[in-house]
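The values are calculated or read from the model by the stated rules, or taken from the named source; none is laboratory data. Every value quoted in this text rests on a predicted model; they were computed, and no experiment measured them. Backbone-built Cβ (ideal geometry, glycine too); neighbour counts: all protein chains shown. Accessible surface is based on the protein model in full, side chains and every heavy atom, while ligands, DNA and RNA are left aside. Shrake-Rupley method; radii C 1.70, N 1.55, O 1.52, S 1.80 Å.
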Amino acid sequence: MALEQPHDKFFKETFSRPEILTDFVQAFLPERLVERLDFQTLQRENETYLGEDLSEYYVDLLFSVQYGSEKIRLVLLFEHKSYPEEYPHFQLNQYLLNYWNRQIKAREPLTPIVPIVVYHGDRVWKKQPVAQYFPTADALLAPYLPSFEYELINLKTTTEASLLRLRTDYARLTALLLQNSRNQQRLLRVFEDFAQLFERLAQDNTGRGFIETSFLYVYWTTDLTKQQLIAIFHKISRQTGEAAMTTAERLINEGIEKGIEKGMERGIQKGIAQANERHVLGLLKLGMDANTISVALDLPLPTVQEIIRRVNP
């Protein structure tokens, strides 16, 4: 089993908090939909319907919530690749079908699901209707095409003004940390700019828990040592420094050392990526196209296309 990515762990631990999910939904989803949701009934469900294929692209969090007199589901899908998916509707449709097939087998009433994709990659995510995947289909063929939508929360294009729509401290910091995850300098600037906020969070157990999660996230996504991070948190306040020390001690006690586990993870991933790249290049030289290579190597088409784009810019 693959080691859990730091982005995924941070996503799960933060968005599992009802106040963070509620804030994001209220800030970024259509107002007419939000008005019908009773957030007091919001509950996390532990099931996942990704399957092995979909887990390569997403991490999911599933919630139930009352929509008027009906209970529906909200699924939050965190896109953890460094590039956007070319056909997200098809992947999301597979997720929905997995869920509904389970309901059919259990003889349960089918439940509407609102898919919400959270994206924080650097490349542009082009959201488009399903019909645009089939540019040659005319009006007579249109009824035979699948038709549904998803909501996109694109943190890379979220402006400071948009972040002001997030009303809770937890939600704003979650967005900022994910938004700047691939730039260590900007990430550290978030801690400097929001020092007072971190200090305020350190006043209660919930806030200290969030600080510990943030510490782990920055530790795993940057090259900073535990000692450097502890110094940064101590600079904010005594309470935040103590929360950082507690987290660092837990890392040591659990044996989760950056040089061991993170190095192993990167080494394994790098080896697999290099092997995939060599195989793709070899088949490319034989005149095979991306679709054929994808089938031959049993690799997702977007992965093959990304390798080809990287070696033939």
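Numbers at a glance
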| item | result |
| --- | --- |
| Subset of the range 214-223 [in a helix (DSSP H, G or I), farther than 14 Å from Asp169 by Cα and not aliphatic (A, V, I, L, M)] | Phe215, Tyr217, Tyr219, Trp220, Thr221 |
| Cross-chain or 6+ apart pairs with Cβ under 7 Å, the range 52-65 first and over 30 Å from Asp38 (Cβ atoms), then of a type outside the set (Val, Ile, Thr) | Glu56/Pro300; Tyr57/Glu79; Tyr57/Lys81; Tyr57/Glu85; Tyr57/Gln91 |
| Helices (runs of 4 or more DSSP H) contained in the range 1-87 and holding at least 3 residues farther than 15 Å from Tyr150 by Cα and under 13 Å from the mean Cα position of the chain (by Cα) | 6-15 |
| Yes/no for Gln227 being of a type in the set (S, T, N, Q) and loosely packed, with under 13 Cβ neighbours inside 10 Å | yes |
| Scope the range 110-128; condition at pLDDT 95 or above and either open to solvent by 50 Å² or more (accessible area, probe 1.4 Å) or of a type in the set (Lys, Arg) (or both); matching residues | Leu110, Pro112 |
| Output for the range 117-154, where each listed residue is of a type in the set (A, V, I, L, M, F, W, C), over 20 Å from Leu33 (Cβ atoms) and under 19 Å from the mean Cα position of the chain (by Cα) | Val124, Trp125 |
| Glu45 open to solvent by less than 60 Å² (accessible area, probe 1.4 Å), acidic (Asp, Glu) and in contact (Cβ under 8 Å) with a residue 40 or more places away in the chain | no |
| Tally, over the range 94-114, of residues that are out of contact with any strand residue (DSSP E or B) (no Cβ under 9 Å at 6 or more places or on another chain), polar (S, T, N, Q) and in contact (Cβ under 8 Å) with a residue 40 or more places away in the chain | 2 |
| Yes/no for Thr168 being farther than 25 Å from Thr225 by Cβ, hydroxyl-bearing (Ser, Thr, Tyr) and without any contact (Cβ under 8 Å) to a residue 40 or more places away in the chain | no |
| The range 230-249 - residue that is open to solvent by 20 Å² or more (accessible area, probe 1.4 Å) and farther than 25 Å from Asp8 by Cβ and, of those, farthest from the chain's Cα centre (by Cα) | Arg238 |
| Qualifying residue in the range 6-22 (condition: loosely packed, with under 13 Cβ neighbours inside 10 Å and touching a strand residue (DSSP E or B) at 6+ places or on another chain (Cβ under 8 Å)) | no |
| Answer residue from the range 265-313, given it is part of a loop (DSSP other than H, G, I, E, B) and open to solvent by 30 Å² or more (accessible area, probe 1.4 Å) and is modelled with the lowest pLDDT among those | Pro313 |
| Qualifying residue in the range 115-127 (condition: free of Cβ contacts under 8 Å to residues at least 40 places away in the same chain and not aromatic (Phe, Trp, Tyr)) | yes |
| Residue in the range 53-67 that is over 26 Å from Ser181 (Cα atoms) and open to solvent by 40 Å² or more (accessible area, probe 1.4 Å) present | yes |
| Criterion: of a type in the set (Gly, Ala, Ser) and modelled with pLDDT of 95 or more - qualifying residue of Ser64, Ser69 | Ser64 |
| Any pair with Cβ under 8 angstrom, 6 or more apart, that starts in the range 212-226 at a residue that is without any contact (Cβ under 8 Å) to a residue 40 or more places away in the chain and ends at one that is part of a helix (DSSP H, G or I) and of a type in the set (S, T, N, Q) | Glu212/Thr246; Glu212/Thr247; Phe215/Thr247; Thr222/Gln184; Asp223/Gln184 |
